Amino acid sequence: MGTNIHLRFPAGISTEPVVCNLTRLFELDFNITTAQISERREGFLILELLGSPENCRKAVDYLRSRGVEVTPVAQRIRRDESLCVECGVCTAICPTSALHMDEQRHLVFDKERCTVCTLCTRVCPVQALQVDSEA
């Protein structure tokens, strides 16, 4: 299991290989679960770091020293089945297919695939998808 973090890059460093350096400098593997760069060259990533806890901590310190805003992914998406009308709007925007329709056209929410990008919460017409902070 890895350490999941949300990274927000300022425009000045969005083209630098700071994430790739995590492998070389800290002996970490990483998995990019969500990524976006805006027209202004600002960007964000949701990243899973795979390696020792000590090297993960050093990597986070390194990222912060480079001007990257780092926050732990300490949230989950909650689906209120009593509100959900299974319209499927969320499935069209989900970048990881954590939300998808099964063969019977029922909405399936695979929490393990969810990266908490929150796109689904913005498009749900009945607000059946909400962000829950972990306690």
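Throughout, read-outs are computed from the coordinates displayed, never taken from laboratory work. All values reported here derive from a predicted model rather than from experimental measurement. For neighbour counting, all protein chains shown are included, and Cβ atoms are generated from backbone atoms with ideal geometry for every residue, glycine included.
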**Prompt:** Under a plain spin-label model, where a point goes 7 Å from the Cα along Cα-to-Cβ, how far apart in nm are Glu54 and Gln130?
**Reply:** 4.3 nm
**Request:** Decide, for region 1-48, between rounded, prolate and oblate: order the square roots of the alpha carbon gyration tensor eigenvalues as a ≥ b ≥ c, take rounded if a/c falls under 1.5, and otherwise choose prolate if a/b is larger than b/c, else oblate.
**Result:** oblate
**Request:** Using packing as a proxy for protection, rank 106-112, 53-59, 81-87, 94-100 so that the peptide with the highest average count of other Cβ atoms within 10 Å comes first.
**Result:** 94-100, 53-59, 106-112, 81-87
**Complete:** Measuring from its Cα centre, region 85-135 shows a charge dipole (+1 at each Lys and Arg Cβ, -1 at each Asp and Glu Cβ) which, in debye to the nearest 20, is 180 debye
**Cα-based equivalent ellipsoid of the chain: semi-axis lengths in Å, sorted from largest, via gyration tensor** = 31, 16, 13
**Asked** Which FRET efficiency, nearest 0.05, do Gln36 and Arg76 yield, Cβ-Cβ r, R0 25 Å?
**Response** 0.80
**Prompt:** Which of the cysteines in the chain are isolated, no other cysteine C-beta under 4.7 Å?
**Reply:** Cys20, Cys56, Cys84, Cys87, Cys94, Cys114, Cys117, Cys124
**Message:** Rounded to whole Å, give me the distance from the Cα center of region 99-126 to that of region 15-33.
**Reply:** 29 Å
**Request:** Rank Cys124, Pro72, Ile93 by how far each Cα sits towards the positive end of the charge dipole of the chain (+1 on Lys, Arg Cβ; -1 on Asp, Glu Cβ) and give me just the farthest.
**Result:** Pro72
**Request:** Using per-residue counts of other Cβ atoms within 10 Å, averaged over each peptide, order 60-66, 42-48 from highest down.
**Result:** 42-48, 60-66
**Asked** Once label points are set 7 Å from the Cα along Cα→Cβ at both Met101 and Leu25, what is their separation, rounded to one decimal in nm?
**Response** 4.6 nm
